[in-house]
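Input: a single structure, listed below in C-alpha coordinates.
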Amino acid sequence: MTDTSSAPIRVGMLFSETGVTSVIETSQRLGTLLAVHEINASSGIHGRELKLVNYDPQSRPASYRQLAERLVVDDGVRVILGCYMSSTRKAVLPVLERWNALLLYPTLYEGFEYSRHVVYTGAAPNQNSVQLAEFMMRSFGSRVFMVGSDYLYPYESNRIMSDLILEGGGEKVGEVYLPLDAQREDFRAVVKRIKSLQPDFIFSTVVGEGTAMLYQAYAEAGLDPARMPIASLTTSEAEVQQMGAQYAAGHITSAPYFQSIDSDVNRRLVESFHRRFGDDKVANQCWEAAYFQTHLLANAMRRVDPGDIEALLRVLPGSEFEAPQGRVRVDEHNHHTYLRPRIGRGDGKGQFEILEEARSWVRPDPYLVSHTLEDWSVRVKLQTA
Ligand code: ACM
(Lines give C-alpha, C1' and ligand atoms only; values in the text may rest on other atoms or scores of the structure.)
Protein backbone atom coordinates (compact mmCIF):
# COMPACT_ATOMS: atom_id res chain seq x y z
CA MET A 1 0.00 0.00 0.00
CA THR A 2 1.38 3.39 -0.88
CA ASP A 3 1.51 5.92 1.96
CA THR A 4 -0.16 9.07 0.66
CA SER A 5 0.41 11.24 3.74
CA SER A 6 2.47 14.38 3.52
CA ALA A 7 4.27 13.77 6.83
CA PRO A 8 8.07 13.79 6.75
CA ILE A 9 9.79 10.46 6.12
CA ARG A 10 12.04 9.76 9.08
CA VAL A 11 15.39 8.03 8.70
CA GLY A 12 17.79 7.24 11.54
CA MET A 13 21.40 8.44 11.64
CA LEU A 14 24.13 6.98 13.86
CA PHE A 15 27.49 8.70 13.44
CA SER A 16 29.65 9.51 16.47
CA GLU A 17 30.15 13.15 17.33
CA THR A 18 32.37 12.23 20.28
CA GLY A 19 34.94 9.52 20.99
CA VAL A 20 37.91 8.11 19.05
CA THR A 21 36.37 8.04 15.57
CA SER A 22 34.38 11.28 15.85
CA VAL A 23 36.41 13.15 13.22
CA ILE A 24 35.73 10.75 10.36
CA GLU A 25 32.16 10.09 11.53
CA THR A 26 31.43 13.81 11.72
CA SER A 27 32.42 14.02 8.07
CA GLN A 28 30.04 11.11 7.32
CA ARG A 29 27.30 13.01 9.13
CA LEU A 30 27.99 16.12 7.04
CA GLY A 31 27.96 14.07 3.81
CA THR A 32 24.55 12.74 4.83
CA LEU A 33 23.25 16.22 5.74
CA LEU A 34 24.44 17.60 2.41
CA ALA A 35 22.53 14.92 0.51
CA VAL A 36 19.40 15.38 2.65
CA HIS A 37 19.53 19.11 1.95
CA GLU A 38 19.74 18.45 -1.80
CA ILE A 39 16.94 15.87 -1.68
CA ASN A 40 14.60 18.18 0.23
CA ALA A 41 15.49 21.11 -2.02
CA SER A 42 14.24 19.06 -4.96
CA SER A 43 10.81 18.22 -3.46
CA GLY A 44 11.92 15.46 -1.10
CA ILE A 45 10.23 12.12 -1.64
CA HIS A 46 7.24 13.10 -3.81
CA GLY A 47 6.72 16.24 -1.75
CA ARG A 48 7.51 14.66 1.61
CA GLU A 49 10.52 15.93 3.51
CA LEU A 50 13.28 13.50 4.45
CA LYS A 51 13.95 14.01 8.15
CA LEU A 52 16.89 12.59 10.09
CA VAL A 53 16.53 11.25 13.63
CA ASN A 54 20.03 11.62 14.98
CA TYR A 55 21.87 10.23 18.02
CA ASP A 56 25.54 10.30 19.07
CA PRO A 57 26.77 6.75 19.84
CA GLN A 58 30.12 8.12 21.16
CA SER A 59 32.28 5.64 19.19
CA ARG A 60 31.09 2.80 21.48
CA PRO A 61 29.70 -0.42 19.93
CA ALA A 62 27.26 -1.00 22.83
CA SER A 63 25.79 2.47 22.33
CA TYR A 64 25.28 1.78 18.62
CA ARG A 65 23.25 -1.28 19.52
CA GLN A 66 21.16 0.56 22.15
CA LEU A 67 20.54 3.56 19.92
CA ALA A 68 19.69 1.41 16.89
CA GLU A 69 17.10 -0.32 19.07
CA ARG A 70 15.79 3.04 20.27
CA LEU A 71 15.50 4.27 16.68
CA VAL A 72 13.55 1.22 15.60
CA VAL A 73 11.45 0.49 18.69
CA ASP A 74 10.80 3.94 20.20
CA ASP A 75 11.14 6.24 17.21
CA GLY A 76 9.55 3.91 14.68
CA VAL A 77 12.40 4.32 12.18
CA ARG A 78 13.17 1.42 9.85
CA VAL A 79 16.15 2.71 7.87
CA ILE A 80 19.44 3.76 9.51
CA LEU A 81 22.38 5.56 7.91
CA GLY A 82 25.50 5.02 9.94
CA CYS A 83 28.45 3.22 11.51
CA TYR A 84 32.18 3.50 10.90
CA MET A 85 34.09 0.85 12.87
CA SER A 86 33.19 -2.72 11.93
CA SER A 87 32.65 -3.45 15.62
CA THR A 88 29.79 -0.94 15.59
CA ARG A 89 28.24 -2.44 12.43
CA LYS A 90 28.44 -5.91 13.97
CA ALA A 91 26.74 -4.53 17.13
CA VAL A 92 23.83 -3.17 15.10
CA LEU A 93 23.29 -6.28 12.92
CA PRO A 94 21.16 -8.29 15.42
CA VAL A 95 18.86 -5.28 15.89
CA LEU A 96 18.36 -4.98 12.12
CA GLU A 97 17.61 -8.66 11.78
CA ARG A 98 15.26 -8.83 14.74
CA TRP A 99 13.14 -5.84 13.67
CA ASN A 100 13.48 -6.17 9.90
CA ALA A 101 15.27 -2.86 9.57
CA LEU A 102 17.86 -1.69 7.04
CA LEU A 103 21.33 -0.16 7.50
CA LEU A 104 23.18 1.76 4.80
CA TYR A 105 26.87 1.52 5.79
CA PRO A 106 29.24 4.08 4.18
CA THR A 107 32.62 2.73 5.28
CA LEU A 108 35.33 0.57 3.76
CA TYR A 109 35.60 -2.66 5.70
CA GLU A 110 37.18 -6.13 5.79
CA GLY A 111 34.52 -7.93 3.73
CA PHE A 112 33.45 -11.52 4.42
CA GLU A 113 29.95 -10.47 5.43
CA TYR A 114 26.55 -10.40 3.85
CA SER A 115 23.32 -9.39 5.52
CA ARG A 116 20.18 -8.73 3.49
CA HIS A 117 19.55 -5.95 6.04
CA VAL A 118 22.65 -3.99 5.02
CA VAL A 119 23.67 -2.08 1.91
CA TYR A 120 27.46 -1.68 1.95
CA THR A 121 28.60 1.46 0.11
CA GLY A 122 32.27 1.60 1.19
CA ALA A 123 35.03 -0.39 -0.46
CA ALA A 124 35.35 -4.17 -0.11
CA PRO A 125 38.89 -5.66 -0.05
CA ASN A 126 38.91 -6.37 -3.80
CA GLN A 127 38.35 -2.63 -4.36
CA ASN A 128 41.13 -1.27 -2.14
CA SER A 129 43.42 -3.93 -0.57
CA VAL A 130 44.22 -5.81 -3.78
CA GLN A 131 45.19 -2.55 -5.50
CA LEU A 132 47.22 -1.33 -2.52
CA ALA A 133 49.16 -4.60 -2.20
CA GLU A 134 49.98 -4.63 -5.89
CA PHE A 135 50.97 -0.94 -5.97
CA MET A 136 53.14 -1.10 -2.85
CA MET A 137 55.01 -4.24 -3.93
CA ARG A 138 55.59 -2.81 -7.40
CA SER A 139 56.73 0.59 -6.11
CA PHE A 140 58.53 -0.08 -2.81
CA GLY A 141 59.14 -3.78 -2.24
CA SER A 142 57.41 -6.63 -0.50
CA ARG A 143 58.62 -6.68 3.13
CA VAL A 144 55.76 -5.23 5.16
CA PHE A 145 55.26 -4.27 8.79
CA MET A 146 51.63 -4.15 9.95
CA VAL A 147 50.29 -1.88 12.68
CA GLY A 148 46.60 -1.71 13.56
CA SER A 149 44.02 -0.74 16.14
CA ASP A 150 42.93 -3.60 18.36
CA TYR A 151 39.59 -4.73 16.89
CA LEU A 152 37.97 -6.69 14.10
CA TYR A 153 38.66 -4.62 10.96
CA PRO A 154 42.45 -4.40 11.47
CA TYR A 155 42.74 -8.14 12.27
CA GLU A 156 40.83 -9.16 9.18
CA SER A 157 42.24 -6.51 6.90
CA ASN A 158 45.77 -7.54 7.91
CA ARG A 159 44.93 -11.18 7.29
CA ILE A 160 43.84 -10.30 3.75
CA MET A 161 46.88 -8.08 3.18
CA SER A 162 49.17 -10.85 4.50
CA ASP A 163 47.70 -13.31 2.00
CA LEU A 164 48.14 -10.84 -0.87
CA ILE A 165 51.74 -10.08 0.11
CA LEU A 166 52.61 -13.78 0.49
CA GLU A 167 50.96 -14.46 -2.87
CA GLY A 168 53.21 -11.77 -4.37
CA GLY A 169 56.31 -13.48 -2.95
CA GLY A 170 56.67 -11.00 -0.08
CA GLU A 171 57.03 -11.28 3.65
CA LYS A 172 55.44 -9.89 6.83
CA VAL A 173 58.22 -8.74 9.15
CA GLY A 174 56.02 -7.73 12.09
CA GLU A 175 52.43 -7.20 13.21
CA VAL A 176 51.30 -5.08 16.18
CA TYR A 177 47.92 -4.02 17.56
CA LEU A 178 47.39 -1.01 19.81
CA PRO A 179 44.25 -0.19 21.81
CA LEU A 180 41.91 2.42 20.36
CA ASP A 181 42.94 4.77 23.18
CA ALA A 182 46.70 4.18 22.76
CA GLN A 183 48.93 7.13 23.63
CA ARG A 184 51.77 8.90 21.87
CA GLU A 185 54.38 6.82 23.73
CA ASP A 186 52.82 3.58 22.40
CA PHE A 187 53.16 4.79 18.82
CA ARG A 188 56.72 5.95 19.42
CA ALA A 189 57.59 2.43 20.63
CA VAL A 190 56.07 0.86 17.49
CA VAL A 191 57.94 3.26 15.22
CA LYS A 192 61.18 2.43 17.02
CA ARG A 193 60.59 -1.23 16.23
CA ILE A 194 59.79 -0.39 12.61
CA LYS A 195 63.02 1.61 12.35
CA SER A 196 65.05 -1.36 13.53
CA LEU A 197 63.30 -3.84 11.20
CA GLN A 198 63.53 -1.60 8.09
CA PRO A 199 60.55 -2.99 6.13
CA ASP A 200 59.86 -1.77 2.56
CA PHE A 201 56.57 -0.26 3.73
CA ILE A 202 54.20 -0.09 6.69
CA PHE A 203 50.59 -1.15 6.37
CA SER A 204 48.50 0.80 8.87
CA THR A 205 45.02 -0.24 9.94
CA VAL A 206 45.07 2.25 12.78
CA VAL A 207 41.79 4.18 12.89
CA GLY A 208 40.56 7.28 14.69
CA GLU A 209 42.69 9.48 16.93
CA GLY A 210 45.68 7.11 16.90
CA THR A 211 46.19 7.79 13.20
CA ALA A 212 47.62 11.25 13.86
CA MET A 213 49.95 9.90 16.56
CA LEU A 214 51.31 7.17 14.27
CA TYR A 215 52.18 9.54 11.41
CA GLN A 216 53.62 12.12 13.81
CA ALA A 217 55.77 9.48 15.56
CA TYR A 218 56.98 8.35 12.13
CA ALA A 219 58.07 11.90 11.23
CA GLU A 220 59.68 12.46 14.65
CA ALA A 221 61.78 9.32 14.13
CA GLY A 222 63.15 10.83 10.91
CA LEU A 223 61.86 8.05 8.61
CA ASP A 224 61.54 8.83 4.91
CA PRO A 225 58.20 8.29 3.10
CA ALA A 226 59.98 8.19 -0.26
CA ARG A 227 61.70 4.97 0.85
CA MET A 228 59.38 3.40 3.46
CA PRO A 229 55.91 4.98 3.34
CA ILE A 230 52.85 4.17 5.41
CA ALA A 231 50.14 2.57 3.26
CA SER A 232 46.54 2.68 4.45
CA LEU A 233 42.91 2.13 3.53
CA THR A 234 41.59 4.47 6.23
CA THR A 235 43.88 7.50 6.34
CA SER A 236 41.71 10.00 4.48
CA GLU A 237 41.67 13.79 4.14
CA ALA A 238 39.85 13.95 7.51
CA GLU A 239 42.66 12.15 9.39
CA VAL A 240 45.24 14.18 7.46
CA GLN A 241 43.60 17.41 8.62
CA GLN A 242 43.66 16.11 12.20
CA MET A 243 47.37 15.15 12.10
CA GLY A 244 48.60 18.21 10.17
CA ALA A 245 49.03 18.08 6.39
CA GLN A 246 52.83 17.90 6.43
CA TYR A 247 52.80 14.56 8.32
CA ALA A 248 50.89 12.83 5.52
CA ALA A 249 53.21 13.99 2.73
CA GLY A 250 54.43 11.05 0.65
CA HIS A 251 52.29 8.44 2.39
CA ILE A 252 49.87 6.28 0.38
CA THR A 253 46.13 5.64 0.68
CA SER A 254 43.97 3.36 -1.47
CA ALA A 255 40.36 4.54 -1.78
CA PRO A 256 37.63 4.97 -4.41
CA TYR A 257 37.34 8.69 -3.71
CA PHE A 258 39.64 11.60 -2.98
CA GLN A 259 38.59 15.24 -2.72
CA SER A 260 41.11 16.01 -5.47
CA ILE A 261 39.21 14.06 -8.18
CA ASP A 262 39.19 16.34 -11.19
CA SER A 263 35.64 16.10 -12.49
CA ASP A 264 32.73 18.54 -12.84
CA VAL A 265 30.45 16.52 -10.58
CA ASN A 266 33.07 16.41 -7.83
CA ARG A 267 34.17 20.02 -8.13
CA ARG A 268 30.58 21.26 -7.96
CA LEU A 269 29.78 19.11 -4.95
CA VAL A 270 32.90 20.09 -2.99
CA GLU A 271 32.10 23.77 -3.68
CA SER A 272 28.56 23.34 -2.47
CA PHE A 273 29.82 21.43 0.61
CA HIS A 274 32.17 24.29 1.47
CA ARG A 275 29.46 26.91 0.95
CA ARG A 276 27.11 25.08 3.27
CA PHE A 277 29.48 23.84 6.00
CA GLY A 278 32.58 26.04 5.73
CA ASP A 279 35.83 26.09 3.75
CA ASP A 280 37.68 24.32 6.55
CA LYS A 281 35.74 21.08 5.98
CA VAL A 282 37.35 18.30 3.92
CA ALA A 283 35.69 15.71 1.73
CA ASN A 284 36.90 12.09 1.86
CA GLN A 285 35.91 8.56 0.85
CA CYS A 286 33.58 8.04 3.86
CA TRP A 287 31.94 11.44 3.38
CA GLU A 288 31.34 10.59 -0.28
CA ALA A 289 29.82 7.17 0.47
CA ALA A 290 27.58 8.77 3.12
CA TYR A 291 26.51 11.35 0.52
CA PHE A 292 25.76 9.04 -2.38
CA GLN A 293 24.08 6.32 -0.30
CA THR A 294 21.55 8.88 0.95
CA HIS A 295 20.71 9.73 -2.66
CA LEU A 296 20.46 6.02 -3.54
CA LEU A 297 18.01 5.63 -0.65
CA ALA A 298 15.94 8.68 -1.64
CA ASN A 299 15.72 7.48 -5.24
CA ALA A 300 14.59 4.04 -4.03
CA MET A 301 12.00 5.69 -1.75
CA ARG A 302 10.64 7.60 -4.73
CA ARG A 303 10.01 4.32 -6.56
CA VAL A 304 8.17 2.36 -3.85
CA ASP A 305 6.35 2.88 -0.54
CA PRO A 306 9.17 4.45 1.52
CA GLY A 307 7.99 2.70 4.69
CA ASP A 308 8.08 -0.76 3.13
CA ILE A 309 11.47 -2.37 3.84
CA GLU A 310 10.79 -5.37 1.59
CA ALA A 311 9.98 -3.03 -1.31
CA LEU A 312 13.12 -0.96 -0.67
CA LEU A 313 15.15 -4.17 -0.61
CA ARG A 314 13.73 -5.04 -4.02
CA VAL A 315 14.74 -1.75 -5.66
CA LEU A 316 17.96 -0.67 -3.91
CA PRO A 317 20.01 -3.59 -5.27
CA GLY A 318 20.68 -2.85 -8.91
CA SER A 319 20.26 0.89 -8.45
CA GLU A 320 22.86 3.36 -9.72
CA PHE A 321 23.92 6.93 -9.00
CA GLU A 322 26.26 9.47 -10.62
CA ALA A 323 28.53 9.90 -7.56
CA PRO A 324 31.54 12.24 -7.22
CA GLN A 325 33.89 9.26 -7.80
CA GLY A 326 32.00 8.29 -10.99
CA ARG A 327 28.92 6.14 -11.48
CA VAL A 328 28.25 3.61 -8.69
CA ARG A 329 25.87 0.65 -8.56
CA VAL A 330 24.57 -1.58 -5.77
CA ASP A 331 25.16 -5.23 -6.62
CA GLU A 332 21.96 -7.30 -6.81
CA HIS A 333 23.50 -10.36 -5.21
CA ASN A 334 25.77 -9.19 -2.41
CA HIS A 335 24.44 -5.66 -1.56
CA HIS A 336 27.94 -4.18 -1.88
CA THR A 337 28.70 -1.39 -4.34
CA TYR A 338 30.57 -1.20 -7.65
CA LEU A 339 33.30 1.41 -6.98
CA ARG A 340 36.33 2.91 -8.74
CA PRO A 341 39.66 2.01 -7.04
CA ARG A 342 42.32 4.71 -6.82
CA ILE A 343 45.75 5.16 -5.24
CA GLY A 344 46.59 8.55 -3.73
CA ARG A 345 49.73 10.02 -2.20
CA GLY A 346 49.66 12.72 0.48
CA ASP A 347 50.66 16.00 -1.17
CA GLY A 348 51.71 17.79 2.05
CA LYS A 349 48.88 20.31 1.63
CA GLY A 350 46.01 18.25 3.00
CA GLN A 351 45.03 16.55 -0.26
CA PHE A 352 46.02 13.41 -2.13
CA GLU A 353 47.66 13.40 -5.52
CA ILE A 354 45.94 10.58 -7.43
CA LEU A 355 48.69 8.36 -8.86
CA GLU A 356 46.61 5.60 -10.43
CA GLU A 357 42.97 4.75 -10.94
CA ALA A 358 40.92 1.91 -12.38
CA ARG A 359 39.54 2.63 -15.84
CA SER A 360 36.04 1.79 -14.69
CA TRP A 361 34.15 0.60 -11.63
CA VAL A 362 35.12 -2.73 -10.09
CA ARG A 363 32.43 -5.22 -9.12
CA PRO A 364 32.41 -5.84 -5.35
CA ASP A 365 33.66 -9.30 -4.37
CA PRO A 366 33.40 -9.19 -0.54
CA TYR A 367 34.38 -12.85 -0.12
CA LEU A 368 37.39 -12.48 -2.43
CA VAL A 369 36.16 -15.35 -4.53
CA SER A 370 38.33 -14.17 -7.43
CA HIS A 371 40.78 -11.85 -5.72
CA THR A 372 43.47 -11.79 -8.38
CA LEU A 373 45.32 -8.62 -9.26
CA GLU A 374 43.14 -8.74 -12.37
CA ASP A 375 40.73 -6.28 -10.76
CA TRP A 376 43.46 -3.73 -11.13
CA SER A 377 44.97 -4.66 -14.48
CA VAL A 378 42.84 -2.03 -16.18
CA ARG A 379 44.39 0.81 -14.23
CA VAL A 380 45.61 4.04 -15.73
CA LYS A 381 48.72 5.68 -14.44
CA LEU A 382 48.19 9.40 -13.81
CA GLN A 383 51.42 10.36 -12.08
CA THR A 384 54.83 8.87 -11.55
CA ALA A 385 55.10 7.35 -8.09
C1 ACM B 1 36.29 -0.19 9.71
O2 ACM B 1 36.32 -0.58 10.91
N3 ACM B 1 35.46 -0.78 8.85
C4 ACM B 1 37.13 0.89 9.26
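Of all the residues that make up the range 12-29, how many are in a loop (DSSP other than H, G, I, E, B) and open to solvent by 10 Å² or more (accessible area, probe 1.4 Å)? First the steps, then the outcome.
Filtering the range 12-29 for residues in a loop (DSSP other than H, G, I, E, B) gives 15-21.
Add one more test, that the residue is open to solvent by 10 Å² or more (accessible area, probe 1.4 Å), and what stays is 17-20.
So the count comes out to 4.
From the residues in the range 82-119 that are more than 10 Å from the ligand (Cβ to nearest atom) and among the aromatic types (Phe, Trp, Tyr), which one is surrounded by the most Cβ atoms within 10 Å (Cβ to Cβ)?
99
Yes/no matrix, rows are residues, columns are (1) without any contact (Cβ under 8 Å) to a residue 60 or more places away in the chain; (2) in contact with a Ser or Thr (Cβ under 6 Å, 6 or more places away or on another chain); (3) more than 23 Å from residue 123 (Cα to Cα); (4) in the same structural domain as residue 119 (by TED's automatic domain parsing):
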site: 220; (1), (2), (3), (4): yes, no, yes, no
site: 253; (1), (2), (3), (4): no, yes, no, no
site: 256; (1), (2), (3), (4): no, no, no, no
site: 284; (1), (2), (3), (4): no, yes, no, yes
site: 290; (1), (2), (3), (4): no, yes, no, yes
site: 320; (1), (2), (3), (4): yes, no, no, yes
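Of the conditions (1) charged (D, E, K, R); (2) modelled with pLDDT under 95; (3) closer than 21 Å to residue 109 by Cβ, residue 381 clears all except one; give me its number.
(3)
I'm trying to understand the selection: among the residues of the range 57-81, which are buried (at least 18 other Cβ atoms within 10 Å of the Cβ) and more than 15 Å from the ligand (Cβ to nearest atom)?
Matches in the range 57-81: 63, 65, 67, 68, 71, 72, 77, 78, 79, 80, 81.
I'm told residue 345 meets every condition in (1) part of a loop (DSSP other than H, G, I, E, B); (2) in the same structural domain as residue 226 (by TED's automatic domain parsing); (3) modelled with pLDDT of 95 or more except one. Can you identify the failing condition by its number?
Only one criterion in (1) part of a loop (DSSP other than H, G, I, E, B); (2) in the same structural domain as residue 226 (by TED's automatic domain parsing); (3) modelled with pLDDT of 95 or more is unmet by residue 345, namely (1).
Let me spell it out: the conditions are (1) open to solvent by less than 60 Å² (accessible area, probe 1.4 Å); (2) of a type outside the set (Phe, Trp, Tyr); (3) over 21 Å from residue 24 (Cα atoms), and residue 159 meets all of them except one. Which number is the exception?
(1)
For the range 219-243, which positions are more than 14 Å from the ligand (Cβ to nearest atom) and closer than 20 Å to residue 255 by Cβ?
Result: 225, 229, 230, 231, 237, 240, 241, 242, 243.
For the condition at pLDDT 95 or above and within 14 Å of the ligand (Cβ to nearest atom), what is the one hit in 157, 162, 142? Working first, answer last.
Working: 162 fails: within 14 Å of the ligand (Cβ to nearest atom); 142 fails: within 14 Å of the ligand (Cβ to nearest atom).
Only one candidate passes the filter, namely 157.
Here are some conditions: (1) open to solvent by less than 30 Å² (accessible area, probe 1.4 Å); (2) more than 15 Å from the ligand (Cβ to nearest atom); (3) not acidic (Asp, Glu). Residue 137 meets all but one. Which one does it not meet?
(1)
For residues that are more than 17 Å from the chain's Cα centre (by Cα), free of Cβ contacts under 8 Å to residues at least 60 places away in the same chain and crowded, with 19+ Cβ neighbours inside 10 Å, scanning just the range 145-156, find the one that is nearest to residue 206 (Cα to Cα). So that I can check it myself, show each step before the final result.
Here is the first cut: in the range 145-156, the residues more than 17 Å from the chain's Cα centre (by Cα) are 145-147, 150.
Those left that are additionally free of Cβ contacts under 8 Å to residues at least 60 places away in the same chain: 145-146, 150.
Checking the rest, the ones that are also crowded, with 19+ Cβ neighbours inside 10 Å come to 145-146.
Numbers: 145: 13, 146: 10 Å.
Across the range 145-156, the extreme among qualifying residues is 146.
So that you can scan it fast, the table gives a plain yes or no per residue for (1) open to solvent by less than 10 Å² (accessible area, probe 1.4 Å); (2) under 18 Å from the mean Cα position of the chain (by Cα); (3) on the phi > 0 side of the Ramachandran plot:
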position	(1), (2), (3)
211	yes, yes, no
219	no, no, no
290	yes, yes, no
300	yes, no, no
309	yes, no, no
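In the range 244-273, which residue that is assigned to a helix (DSSP H, G or I) and polar (S, T, N, Q) is nearest to the ligand (Cβ to nearest atom)?
Residues of the range 244-273 that are assigned to a helix (DSSP H, G or I), as a first pass: 245-248, 264-273.
Cutting the leftovers down to polar (S, T, N, Q) gives us 246, 266, 272.
Values: 246: 25, 266: 23, 272: 27 Å.
Only one residue fits best here, namely 266.
Could you go through the range 183-205 and let me know if any residue there is over 28 Å from residue 160 (Cα atoms) and over 15 Å from the mean Cα position of the chain (by Cα). If you could, list the steps in order and put the result at the bottom.
The initial filter retains those residues of the range 183-205 that are over 28 Å from residue 160 (Cα atoms), namely 185.
From the residues that got through so far, the ones that are over 15 Å from the mean Cα position of the chain (by Cα) too are 185.
Yes: one or more hits.
The values are calculated or read from the model by the stated rules, or taken from the named source; none is laboratory data. All of these numbers come straight from a predicted model, not from anything done at the bench. Neighbour counts run over all protein chains shown; Cβ positions are idealised from the backbone, glycine included. Surface areas here come from the heavy atoms of the whole protein model, side chains and all, with no ligands, DNA or RNA. Shrake-Rupley method; radii C 1.70, N 1.55, O 1.52, S 1.80 Å.
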